[in-house]
Amino acid sequence: MDFKQKTVLITGASAGIGRATAILLAELGAKVILNGRNQAALDETKALMAQHGHIVSPFDMENIDGLPKWVLDLRKQHGNIDGFVHCAGIQTTKSIRIFDQAFFDQTMHTNLASALAIARGFRQKRDKTKQGAIVLVASIAGLIGQTGNIVYGASKAGLMSAARGLSMELLRDNIRVNCVAPALVETDMAQKTRDSMNDAQFQHILDQHPMGIGQPEDVANAIAFLLSDRARWINAVCLPVEGGYLAN
Amino acid sequence: MNRTEFLIAIDDILELDEGTLKGPEILADLDEWDSLAFLSVIAMADDEFDIVIEGERLEKIQTVEDLVGLVSANFSD
């Protein structure tokens with residue numbers, strides 16, 4: 001896979017899957033625009049990457065109406081953007097017993113609406129002679145039912161549905177849109193989930209992963225493939241990256 | 001959130017009438033104290049006090065008063 005001469009925007013690049021994807025794409029020759037909320041953490045990611053003039057651009061994923069213009073401004077400043085990887089996401093284990101609008105809105109805005117707003121900016125005024133690619137990081141939580149993970153699962157199922165709709169609408173823009181759906185991956189987010197459970201509860205989750213839990217690099221490899229020209233005829237798919245979880 | 005409001009929030013999680021819990025109740029004796037209530041208390045503490053009650057700590061407590069003790073340093077009064 002070759003990403004030389006390509007620029008890729010990655011949200012959620014300050015940690016976990018986003019950081020691993022940024023490091024991998026830089027190794028493969030891409031110039032990467034790193035987004036997240038935490039400037040210091042983004043700078044840490046940048047320091048871990050092979051050097052290709054990467055850009056750090058913090059922006060709040062909850063500022064939905066500001067996102068399209070942010071992407072257009074990035075293009076004005078840094079040229080054509082070939083790829084967009086949406087890793088930004090939040091997960092809070094909450095029962096329906098304490099569901100409220102603020103929780104719903106924050107999760108849906110950060111995980112789902114932000115992807116759509118960025119897609120709006122991504123397609124505008126781009127060079128359609130070059131194929132563009134979007135990869136949205138969904139989750140197996142969007143494919144199965146998990147206690148205490150209802151809103152997160154709905155947001156990720158929404159991403160998978162949005163990928164299918166976007167893939168059709170953006171055909172005329174020469175943009176492919178695909179998803180990956182990871183199972184539990186060893187990230188800060190997973191550690192927070194682990195902290196909120198007792199040993200038995202977490203062991204139950206581990207037991208559902210036939211090959212153990214994944215590493216961020218395992219997901220980054222799948223993202224890089226779907227983003228690359230090697231996947232130029234792959235569109236509207238959701239690739240589970242889950243060590244056999246769904247077969248269990 | 002103060003102690004009274006916290007107890008009411010626990011009443012709400014356990015779907016008890018407001019003002020039911022006073023402190024000495026044994027959690028294991030409450031029919032409503034289950035794994036979802038467990039997760040809900042952790043999420044509520046995170047929302048209200050920005051603290052993570054580790055699951056292992058929560059598992060070891062016995063009474064509602066013990067639960068209060070896990071978060072009382074963060075009460076508003």
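The values are calculated or read from the model by the stated rules, or taken from the named source; none is laboratory data. If you're wondering where the values come from, they're calculated on a predicted model, not measured in any experiment. We place every Cβ from the backbone using ideal geometry, glycine too, and count neighbours over all the protein chains shown. Keep in mind that these areas ignore ligands, DNA and RNA; they rest on the heavy atoms of the full protein, side chains included. Shrake-Rupley method; radii C 1.70, N 1.55, O 1.52, S 1.80 Å.
Taking amide H as placed 1.01 Å from N in the peptide plane, A:L136 has its amide H under 5 Å from the amide H of A:H86, A:N178, A:C179, A:V180, each at least 5 places away in sequence or on another chain. Computed over region B:3-74, the P(r) tail beyond 14 angstrom holds 55 percent of alpha carbon pairs.
Stokes-Einstein diffusion for region A:138-206, with the hydrodynamic radius set to the Kirkwood value over Cα pairs and evaluated at 10 °C in a medium of 1.306 mPa s, equals 116 µm²/s. The calculated FRET efficiency for the pair A:D65 and A:N38, based on their C-beta separation and a Förster distance of 30 Å, comes to about 0.85. Surface composition of the protein assembly as shown: carbon plus sulfur atoms hold 50% of the accessible area, using a 1.4 angstrom probe and ignoring ligands, DNA and RNA.
Amide H contacts for A:I55 (H built 1.01 Å from N in the peptide plane; partners 5 or more residues away or on another chain; cut-off under 5 Å): A:V32, A:I33, A:L34.
Take the residue pairs A:K94/A:K192; A:K6/A:K156; A:K192/B:K22; A:K46/A:K69; A:K76/A:K128 and return only those whose Cα atoms are more than 21 Å apart.
A:K6/A:K156; A:K192/B:K22; A:K46/A:K69
The residues of region B:3-74 expose, per residue, 52 Å² of accessible area to a 1.4 Å probe.
Ranked by solvent-accessible area (1.4 Å probe, protein heavy atoms only, all chains present), the residues A:D73, B:D12 order from largest to smallest as B:D12, A:D73.
About its Cα centre, the dipole of region A:7-242 is roughly 960 debye, where the only charges are +1 on Lys and Arg Cβ and -1 on Asp and Glu Cβ.
Summed over both chains, the accessible area lost when B and A associate is about 1400 Å², using a 1.4 Å probe. Shown here is the pair-distance distribution of the protein assembly as shown: with all Cα-Cα distances grouped in 10 Å bins from zero up to the longest one, the shares run 6, 25, 30, 20, 12, 6, 1, 0 percent. Result for chain A in a Gaussian network model with C-alpha springs under 10 Å: among A:G79, A:G89, A:G121, the largest mean-square fluctuation is at A:G79. List the residues of region A:33-61 whose backbone N lies under 17 Å from a point placed 7 Å from the Cα of A:D73 along the Cα-to-Cβ direction. Those under the cut-off are A:33-39, A:55-61. Across peptide A:191-202, the mean count of Cβ atoms from other chains lying within 10 Å of each residue's own Cβ comes to 5.
Applied to region A:173-181, the Karplus parametrisation 6.51 cos²θ - 1.76 cosθ + 1.60 on θ = phi - 60° returns per-residue 3J(HN,Hα) values of 9, 6, 10, 8, 9, 9, 10, 10, 10 Hz, with x for Gly and Pro. Once the Cα atoms are used to define both axes, helix A:16-27 deviates from the longest principal axis of chain A by about 30 degrees.
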